[in-house]
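Peer 1: One structure, as structure tokens, below. Some questions next.
The values are calculated or read from the model by the stated rules, or taken from the named source; none is laboratory data. Worth saying up front: this structure is predicted, and the values here are computed from it rather than measured. In this analysis, Cβ positions are derived from the backbone assuming ideal geometry, glycine residues included, and neighbour counts consider all displayed protein chains.
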Amino acid sequence: MSADAAPARPAARPGPRVRLPVAELRSWAIFGALAVAAWEAASRLYGQPYLLPAPSAIAAEFREHWPLVLGYAAITSQEIVVGFLAGALAALLCAMVFLRLPRLVEDFLYRVIVTLNSTPFVALASLAVVWFGLGLQSKIVIAGMYTFFAVLYTTHKEFISVEVIREQLMDIYNATWWQRIFLLKIPSALPIIFVSLKGGVMAAVNGAIVGELFGAFEGLGYMILDSRYVGNTVRVFLAAVFCTAIGWLLLGAVTLAERLLLPWHVSMAGRR
Amino acid sequence: MTAAVTAPIIRLEAVSKTYDLPRAGARGAADRALNVVYDLSLDVQPREFVSIVGPSGCGKTTALFMLAGLREASAGRIEVCGRPPREAVRAGLSSVIFQQPVLFEWLTAEENVLLPLRMRDARWWAWPARRGRYLAAARRALETVELSGFEHYYPDALSGGMQQRVAIARALTLDPQVLLMDEPFGALDEITRDRMNLELIRLAEARGLTIVFVTHSIEEAVFLSDRVVVMSRGPSPATGSSVVRVLDVGLPHPRQLALKEEPAFFQKVREGREALRQTQGVA
């Protein structure tokens, strides 16, 4: 090989390689430490722990009640994870089914979904609690619903916007409908699907908390509501911190999956 | 090369193409018909190299797409390897190479080349077993286009010329008799293009391929081809056909780059250019 044979970018071999983003973690740690210190200082200067409790107070609260808090966090995480997975899977399947439906039916269903999507989620969430009870199911349904809408639009749009010439290539190879889905549409939509999944994770966290606020006997959302009634702001903050932590962990998991599944994508350049 | 005794492998008989263009603002139905190919007749012999040249919008790509079964002819008859074009391409008898490589960027070079073989059987669970069997063929195809060692690269990491080579390797995996190429080297620099042209000639002769090659470069067409079909926008006044002239090149084989310095070559290019100039007044 000569002249034009030099690869534009060296050593882009397959096989996902996930390196711990050390530099990024370090800057987050520094940023976090600074933010917590500033918060602690602000809280002490302000001198009204009921309104702005210090991180040290929140930590003390956690030390005292950790079995309860961790138990609640586990319940909420369960709702989020199951709801998110179910919602994302349903959205993917729905986007696939849409491709199969006659135009008229697709149009109709699309309108139903647009209508549902423009109904305030909170209203739908309160209904879900009425329909599915105060237990886990209603929260899973709500978290799933939040995720479903976040993922469906994007995925459907991506499925129908595959480049014409690629479809023609599939024509030439006499591809079946399933081959088009699994060898062309899903892989080419995957980068954008992942963007919507990241939004979906956050939506699922919101959904589960909203569900718990509408009626539950356990979970972080319940803890927020209950603590607020009795004026325990520290514990509200503690619940919020755990919600954020769960969101981050799940976002990290989705990002990890993205790096494993999309080693070829431009956004992974330099990470190879 | 143009032995008229054998049966042609490609036949176009009085082929026309009209596009129905919906006008902006009009609802659904076609509003204006646009003719792009008029009364195109052409026989291509086995192992012949035929180029189609013409100004932008003369329908050369449309003609090629009709040969590939990607567009339906509005009138006339097309046969490739004795079959309707769509059947020929689906049976792997003919293969298409587009202007862009159209590689799947989530697949490595090797997986891209394996793609046509993978599609041949709808049973996805059978693929892992079949893959091993086909791998040798894919590696050979990559070797033919001088890409050994790049099997595991993603298209993104390859240069434009290398990507087009992968596309050629992919087109070769089903071992076609006919290669339909739509300005395949249009995006490449001149040096790379020359190299690709030479390789294409070598490949065509080694494999006994019949090639229909669309380009807008008359020089490239003359250098590569046995015959050059010059098309115009709209029907030519003399014949009513899109074809202005079919130029017999008649230069010696195998073609070498040195040919480009010879008077005989210049003469043919000039002839082609004159024919092309005639097309200017038409549309």
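Peer 1: Which condition breaks for A:Ala74 when tested against (1) touching a residue at least 40 places away in the same chain (Cβ under 8 Å); (2) farther than 25 Å from A:Phe159 by Cα; (3) within 20 Å of the chain's Cα centre (by Cα)?
Peer 2: Every listed condition holds for A:Ala74 apart from (1).
Peer 1: Here is a follow-up. If you check B:Ala14, B:Ala126, which single one turns out to be at pLDDT below 90 and over 22 Å from the mean Cα position of the chain (by Cα)?
Peer 2: The unique qualifying residue is B:Ala126.
Peer 1: Which is closer than 16 Å to B:Phe104 by Cα and small (Gly, Ala, Ser), of B:Ala187, B:Ala136, B:Ala167, B:Ala141?
Peer 2: B:Ala167
Peer 1: Go through (1) within 17 Å of the chain's Cα centre (by Cα); (2) farther than 24 Å from A:Glu163 by Cα; (3) surrounded by fewer than 19 Cβ atoms within 10 Å (Cβ to Cβ) one by one and return the number of the condition B:Gln100 breaks.
Peer 2: The number of the failed condition is (2).
Peer 1: So the check is Cβ under 9 Å with 6+ separation or different chains; which pairs have a first residue in the range B:142-154 that's facing chain A (nearest Cβ under 9 Å) and a second one that's surrounded by fewer than 16 Cβ atoms within 10 Å (Cβ to Cβ) and outside any loop (DSSP other than H, G, I, E, B)?
Peer 2: Between residues of the range B:142-154 that are facing chain A (nearest Cβ under 9 Å) and residues that are surrounded by fewer than 16 Cβ atoms within 10 Å (Cβ to Cβ) and outside any loop (DSSP other than H, G, I, E, B), the close pairs are B:Glu146/B:Glu199.
Peer 1: Then there's this: If A:Ala216 satisfies every condition in (1) buried (at least 18 other Cβ atoms within 10 Å of the Cβ); (2) in a helix (DSSP H, G or I); (3) away from chain B (no Cβ under 14 Å); (4) out of contact with any Pro (no Cβ under 7 Å at 6 or more places or on another chain) but one, which is the exception?
Peer 2: (2) is the only condition that A:Ala216 fails.
Peer 1: Of all the residues that make up the range A:148-198, how many are of a type outside the set (Phe, Trp, Tyr), out of contact with any Asp or Glu (no Cβ under 8 Å at 6 or more places or on another chain) and under 20 Å from B:Leu174 (Cα atoms)?
Peer 2: 13
Peer 1: Residues of the range B:226-251 being part of a loop (DSSP other than H, G, I, E, B) and charged (D, E, K, R), which ones?
Peer 2: Listed by number, the residues that qualify are B:Asp226, B:Arg233.
Peer 1: Where in the range A:96-189 are there helices (runs of 4 or more DSSP H), lying wholly inside it, with at least 1 residues that are within 30 Å of A:Gly247 (Cβ to Cβ) and either more than 14 Å from every other protein chain (Cβ to nearest Cβ) or in contact with a Leu (Cβ under 9 Å, 6 or more places away or on another chain) (or both)?
Peer 2: A:103-118, A:121-132, A:136-160
Peer 1: Kindly indicate the residue of the range A:234-272 that is hydroxyl-bearing (Ser, Thr, Tyr) and at pLDDT 90 or above and also farthest from A:Pro191 (Cα to Cα) among those meeting that condition.
Peer 2: A:Thr244
Peer 1: In the range A:201-212, is there at least one residue being buried (at least 16 other Cβ atoms within 10 Å of the Cβ) and either within 14 Å of chain B (Cβ to nearest Cβ) or of a type in the set (Ser, Thr, Tyr) (or both)?
Peer 2: No, the range A:201-212 has no match at all.
Peer 1: Taking the range B:168-185, which residues are aliphatic (A, V, I, L, M) and within 13 Å of chain A (Cβ to nearest Cβ)?
Peer 2: The answer is B:Ala171, B:Leu174, B:Val178, B:Leu179, B:Leu180.
Peer 1: So, one more: Report yes if some residue within the range B:155-167 is within 20 Å of B:Ile52 (Cβ to Cβ), within 13 Å of chain A (Cβ to nearest Cβ), under 16 Å from the mean Cα position of the chain (by Cα) and touching a residue at least 24 places away in the same chain (Cβ under 8 Å); otherwise report no.
Peer 2: Checking the range B:155-167: at least one residue is within 20 Å of B:Ile52 (Cβ to Cβ), within 13 Å of chain A (Cβ to nearest Cβ), under 16 Å from the mean Cα position of the chain (by Cα) and touching a residue at least 24 places away in the same chain (Cβ under 8 Å).
Peer 1: Out of B:Phe223, B:Phe213, which single residue is in a helix (DSSP H, G or I), more than 14 Å from every other protein chain (Cβ to nearest Cβ) and buried (at least 20 other Cβ atoms within 10 Å of the Cβ)?
Peer 2: Only one candidate passes the filter, namely B:Phe223.
Peer 1: Do you know which residues across the range B:126-157 are within 21 Å of B:Gly208 (Cβ to Cβ), of a type in the set (Asp, Glu) and either assigned to a loop (DSSP other than H, G, I, E, B) or in the same structural domain as B:Asn197 (by TED's automatic domain parsing) (or both)?
Peer 2: Within the range B:126-157, B:Glu146 is the sole residue that qualifies.
Peer 1: For the range A:130-156, which residues satisfy the criterion of being without any contact (Cβ under 8 Å) to a residue 12 or more places away in the chain and in contact with a helix residue (DSSP H, G or I) (Cβ under 8 Å, 6 or more places away or on another chain)?
Peer 2: Selection gives A:Trp131, A:Phe132.
Peer 1: Kindly evaluate B:Arg139 against the criterion of being more than 9 Å from chain A (Cβ to nearest Cβ), exposed (fewer than 15 other Cβ atoms within 10 Å of the Cβ) and either out of contact with any Phe, Trp or Tyr (no Cβ under 8 Å at 6 or more places or on another chain) or free of Cβ contacts under 8 Å to residues at least 60 places away in the same chain (or both).
Peer 2: no
Residues checked against (1) among the charged types (D, E, K, R); (2) under 27 Å from B:Asp194 (Cβ atoms):
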position	(1), (2)
B:Val228	no, yes
B:Arg233	yes, no
B:Arg245	yes, yes
B:Asp248	yes, yes
B:Pro252	no, yes
B:Gln256	no, yes
B:Pro263	no, yes
B:Arg273	yes, yes
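Peer 1: Something else: Checking the structure you have, find out if any residue of the range B:70-83 is in a strand (DSSP E or B), at positive phi and surrounded by fewer than 23 Cβ atoms within 10 Å (Cβ to Cβ).
Peer 2: yes
Peer 1: Only residues in the range A:27-45 that are under 19 Å from A:Leu238 (Cβ atoms) count as the first member; pair them with residues that are part of a helix (DSSP H, G or I), Cβ under 8 angstrom, at least 6 apart or cross-chain, and list the lot.
Peer 2: Listed pairs, sorted by first residue: A:Val36/A:Pro55; A:Trp39/A:Pro55; A:Glu40/A:Pro55; A:Glu40/A:Ser56; A:Ser43/A:Pro55; A:Ser43/A:Ala57.
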